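Undergrad: I'd like to ask some things about the structure below.
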Protein chains: 2
Amino acid sequence: MHDDRYIQLAHGNGGRRMRELIASLFVRHFGDSLNTQRDAAPLPDISGDLMITTDSFTVNPLEFPGGNIGSLAVHGTLNDLAVAGAEPRYLTVNALIEEGFEIARLDRLIASLGDTAREAGVAIVAGDTKVVARGEGGGLYLVTTGIGTRVPRLNLGLEHIEPGDRLLVSGPIGDHGIAVMLAREQFGLSGSLTSDAACVLPLTRALHALPGLRFMRDPTRGGLATVTHEIREATGYGMSLEESAVPVRAPVKAVCEMLGYDPYYLACEGRVVAVVSEQDAEKALALWRALPQGADAAIIGTIDHKTGPVVLTTSLGGQRVLDELEDDPLPRIC
Amino acid sequence: MHDDRYIQLAHGNGGRRMRELIASLFVRHFGDSLNTQRDAAPLPDISGDLMITTDSFTVNPLEFPGGNIGSLAVHGTLNDLAVAGAEPRYLTVNALIEEGFEIARLDRLIASLGDTAREAGVAIVAGDTKVVARGEGGGLYLVTTGIGTRVPRLNLGLEHIEPGDRLLVSGPIGDHGIAVMLAREQFGLSGSLTSDAACVLPLTRALHALPGLRFMRDPTRGGLATVTHEIREATGYGMSLEESAVPVRAPVKAVCEMLGYDPYYLACEGRVVAVVSEQDAEKALALWRALPQGADAAIIGTIDHKTGPVVLTTSLGGQRVLDELEDDPLPRIC
């Protein structure tokens, strides 16, 4: 009657099949930190100023060069804590699984999630699974919520940004967006590009001691351009970016030209944009370039002294306004 | 080109439409505790032993007599903290919205979520929205994660359960399961039943001072029978329940008989099962019955002195073993 290689509605009913799936798959990959006999889990040995963040993951395809929805669900949420100036400690995980999903594939993705969390030193302490009817769930959606503690004496925020501050990016933009798009194979293209998805903690930690560090953000949905607009909306200041300074890999440029995309709006999942005082900008750059993940870091622009748009000075000396993202220029990739 | 009354993919792209949707809908209903300019939110003024829980909500239909997916997403998660002996403080919310979803309906459901959180005294501090392509999302899924603090000197857990302890239930079982099923109208039935979905904090708080309180759980997915099996699996003890003592409303019984369902496996969303020492059981019952939500509370069974099944003594004096839930006897309702 049932094919045991695939998820059935009964895997979500609270009964035997759900208990066995959780024990054989989630608990096995997440380890002893996950006690499924509790309605709520303690968060032991945590002190200081707590911070929380949450993110949902609906990437399609579920696996792509350089990552998968499982590793991404860890990186995405830990990176949000990292750029907010926190050290991640605990994670919760929700899995919404579509009826008919292959259990071997689920096992592989959840194993990757568990491994990624372990590498980052965070414990998965609580979770939940739901099975949704065939045709209602896009295969697998994951939601992760992360708890961390603010690094003492580090107070970052958009409100600290001042005119003259520099914008830095930790590496080439758009690799994740293009890698996921190519993995869909719907363009008939394939390339050697891999996603930049990674834990950014080494990058954010490198700048903690800099007094001129004002603000950090990871340019995910909406890309670098969206981060500049978030800065502009919160501070009121315009910005000037140098196109020639913004690192974009040649294959990303090539695919963008071919398909009419703009790399400034493409998602990254392992990059950091930092706003640093003029005085500390070169120090920040040197700190990042000393790291393997930051080898291609660059100072890409300056916060203006007055209100205005985000202006990109092109390699040919022209100027182009980077508008806020309107209708979606891209397939949904995160 | 676009009909502004419905969710579009661009509402999830990180750009203008997403920013406006979040400001006009989520921030408006969730209040000032939600600062959308941050990657991670602080959890201020919290001390003591922290506890966390998370739950996903995929109920169909999204609105039913007595509640909707928004109010349920608050009650479900706060109730898990409450039965674990914690006082809820903070909540995060993820919304996975299907392209084409009516914005007026989203507004109504998110308003209900915000109102329910406010009534329970918890602040929504972080959130995330994703839009999934038409045909991939079941309309709306919600995920909530709750943070609370353990009530001092309260130490509940399956490991404290002893032979001779009594099982109590705070009210009639199965109302939620039947109300949601009838709301689907797929049986051609309709009734006056409303869901029991509610915040159980008054019920859990009422028992905090009882030294004989061992363990509490809310019988959601899999119902009362599943809670008894969780107790049995963790403790090794069997259990005896008295069918005549278990409160089940007449219309729930009638629908179950008509459709062949068993009320013991039906979900409740506002009930508590408590295990209390023999000595304190009558006190616990009196404390619950003094509350409006606990008027129909009952002592329904006893923890056996040896390993064995969960045995239900029927009204006719016969005995029936309550098996662990196997394949799903019910449409998915939570």
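Undergrad: Taking a probe of 1.4 Å, how large is the accessible area per residue of the stretch B:9-150, in Å²?
TA: On the way: 4170 Å² over 142 residues.
I get 29 Å² per residue for the stretch B:9-150.
Undergrad: Another question, if that's okay. How much mean residue ellipticity at 222 nm does chain B get from its helices, if each DSSP H run of length 4 or more adds -39500 (n - 2.57) and you divide by all residues, to the nearest 500 deg cm²/dmol? It would help to have the intermediate numbers written out before the result.
TA: Details: 8 runs with 90 residues, N = 334.
It comes out at -8000 deg cm²/dmol, rounded to the nearest 500.
Undergrad: Using the alpha-carbon centroid of each, what span in Å lies between the stretch B:200-245 and the stretch B:96-133?
TA: Here the answer is 31 Å between Cα centres.
Undergrad: Right, something else. Can you compute 3J(HN,Hα) from phi for each residue in the stretch B:147-156, using the Karplus curve 6.51 cos²θ - 1.76 cosθ + 1.60 with θ = phi - 60°, rounded to whole Hz and x for Gly and Pro?
TA: 10, x, 10, 5, 5, x, 6, 10, 10, 9
Undergrad: Excluding A:Gly238 itself, what net charge comes from residues whose Cβ is under 11 Å from its Cβ, given Lys and Arg +1 and Asp and Glu -1? Don't skip to the end; give the middle numbers.
TA: On the way: positive: A:Arg232, A:Lys306; negative: A:Asp304.
The answer is +1.
Undergrad: As I understand it, the dipole of the stretch B:9-150 uses +1 on the Cβ of Lys and Arg and -1 on the Cβ of Asp and Glu, about the Cα centre. Which of B:Leu25, B:Leu9, B:Phe57 lies farthest toward its positive end?
TA: Of the candidates, B:Leu9 comes out farthest on the positive side.
Undergrad: Here's something else I'd like to know. Could you tell me the total accessible area buried at the B-A interface, probe 1.4 Å, in square angstrom to the nearest hundred?
TA: 5800 Å²
Undergrad: Antiparallel DSSP bridges in the protein assembly as shown: what percent, to the nearest 5? Working shown, then result.
TA: Numbers: 84 of 110 bridges.
Rounded to the nearest five, the antiparallel share is 75 percent.
Undergrad: Using the crude model of +1 on Lys and Arg Cβ and -1 on Asp and Glu Cβ, and no other charge, please compute the dipole size for the stretch B:256-334 relative to its Cα centre, in debye to 20. Provide the component values of the computation, followed by the final result.
TA: Values: 6 positive and 13 negative charges, 62 e Å.
Once rounded to the nearest 20, the dipole reads 300 debye.
Undergrad: Shifting gears a bit: What is the percent carbon and sulfur in the accessible area of the stretch A:158-321, measuring with a 1.4 Å probe over the protein chains and ignoring ligands? Working shown, then result.
TA: Numbers: 3240 of 6490 Å².
Ligands and nucleic acids excluded, carbon and sulfur give 50 percent.
Undergrad: For the stretch A:9-150, give the percent of accessible area contributed by carbon and sulfur heavy atoms, probe 1.4 Å, rounded to a whole number.
TA: On the way: 1870 of 4190 Å².
Roughly 45 percent, rounded to a whole number.
Undergrad: Once you charge only the Cβ atoms, +1 for Lys and Arg and -1 for Asp and Glu, what is the size of the charge dipole of the protein assembly as shown about its Cα centre, to the nearest 20 debye?
TA: It comes to approximately 600 debye.
Undergrad: A:Thr194: accessible area at probe 1.4 Å, nearest 10 Å²?
TA: 70 Å²
Undergrad: With +1 assigned to the C-beta of every Lys and Arg and -1 to the C-beta of every Asp and Glu, and no other charges, what is the dipole magnitude of the stretch A:158-321 about the Cα centre in debye, to the nearest 20? If you can, show how the numbers build up before the last one.
TA: Values: 14 positive and 19 negative charges, 30 e Å.
The dipole of the stretch A:158-321 has a size of about 140 debye.
Undergrad: Please check chain B for the longest run free of trypsin sites (Lys or Arg not before Pro) that are loop-located per DSSP (anything but H, G, I, E, B) and have at most 11 other Cβ atoms within 10 Å. Could you put the intermediate results ahead of the total?
TA: Working: sites that count: B:Arg5, B:Arg153, B:Lys306.
That gives B:154-305 as the longest site-free run.
Undergrad: List the residues of the stretch B:102-139 for which accessible area in the full set of protein chains is at least 40 Å² lower than for the chain on its own; 1.4 Å probe, protein heavy atoms only.
TA: Checking the loss per residue gives B:Asp128, B:Lys130, B:Glu136.
Undergrad: Here's something else I'd like to know. Express as a percent, rounded to the nearest 5, the fraction of DSSP beta bridges in the stretch B:9-150 (both residues included) that run antiparallel. Don't skip to the end; give the middle numbers.
TA: Values: 21 of 30 bridges.
Beta bridges within the stretch B:9-150, antiparallel portion: roughly 70 percent.
Undergrad: How far apart, in nm, are the 7 Å Cα→Cβ label points at B:His2 and A:Glu278?
TA: 3.9 nm
Undergrad: Taking each residue in A:26-37, count the Cβ atoms of any other chain within 10 Å of its Cβ, then average. What number comes out? Write down the numbers at each step before the final one.
TA: Values: counts 0, 0, 0, 0, 0, 0, 0, 0, 0, 1, 1, 8.
That average works out to 1.
Undergrad: What share of the DSSP beta bridges in chain B is antiparallel, in percent to the nearest 5?
TA: Once the DSSP bridges in chain B are tallied, antiparallel ones form about 75 percent.
Undergrad: Checking the a/c ratio against 1.5 first, then a/b against b/c, what shape does the Cα gyration tensor give for chain B?
TA: Note, shape of chain B comes out oblate.
Undergrad: Compute the label-point distances linking B:Glu159 to its equivalents in the other copies; points lie 7 Å from Cα along Cα→Cβ; give nm, one decimal, shortest first.
TA: 4.4
Undergrad: Mind checking the stretch A:225-334 for GluC sites (Glu not before Pro) that DSSP puts in a loop (not H, G, I, E or B) and that have at most 16 other Cβ atoms within 10 Å?
TA: Values: sites: A:Glu230, A:Glu233, A:Glu242, A:Glu243, A:Glu257, A:Glu269, A:Glu278, A:Glu282, A:Glu324, A:Glu326; in loops: A:Glu269, A:Glu324, A:Glu326.
Those satisfying the criteria are A:Glu326.
Undergrad: By the gyration tensor of its Cα atoms, with a ≥ b ≥ c the square roots of the eigenvalues, what is the shape of the stretch A:1-102: rounded for a/c under 1.5, prolate for a/b over b/c, or oblate?
TA: Working: a/c = 2.79, a/b = 1.45, b/c = 1.93.
Oblate.
Undergrad: Using alpha carbons only, how many degrees (0 to 90, rounded to 10) separate the axis of helix A:69-83 from the longest principal axis of chain A?
TA: Its long axis makes an angle of about 40 degrees.
Undergrad: With unit charges on the beta carbon (Lys/Arg positive, Asp/Glu negative), name the residue among A:Gly238, A:Cys268, A:Ala225 whose Cα is farthest towards the positive pole of the charge dipole of the protein assembly as shown.
TA: Of the candidates, A:Gly238 comes out farthest on the positive side.
Undergrad: Also: Determine, from the Cβ-Cβ distance of A:Gln319 and A:Asp49 and an R0 of 30 Å, the FRET efficiency 1/(1 + (r/R0)^6), rounded to the nearest 0.05.
TA: The formula returns an efficiency of 0.10 here.
Undergrad: Could you give the accessible area per residue of the stretch B:158-321, probe 1.4 Å, as a whole number in Å²?
TA: Details: 6490 Å² over 164 residues.
With all protein chains present, the stretch B:158-321 gives 40 Å² per residue.
Undergrad: A:Thr194 to A:Arg28: FRET efficiency via 1/(1 + (r/R0)^6), r the Cβ-Cβ distance, R0 25 Å, to the nearest 0.05? Walk me through the numbers before you get to the answer.
TA: Working: r = 28 Å, r/R0 = 1.11.
The pair A:Thr194/A:Arg28 has a calculated efficiency of 0.35.
Undergrad: Another one. Helix B:250-259 sits at what angle to the longest principal axis of chain B, using alpha carbons and giving 0 to 90 degrees rounded to 10?
TA: That works out to roughly 80 degrees.
The values are calculated or read from the model by the stated rules, or taken from the named source; none is laboratory data. Just so it is clear, the model here is predicted, and its values are computed rather than measured. Cβ: placed from backbone, ideal geometry, glycine included. Neighbour counts: every protein chain shown. SASA here: full protein model, heavy atoms, side chains in, ligands and nucleic acids out. Shrake-Rupley method; radii C 1.70, N 1.55, O 1.52, S 1.80 Å.
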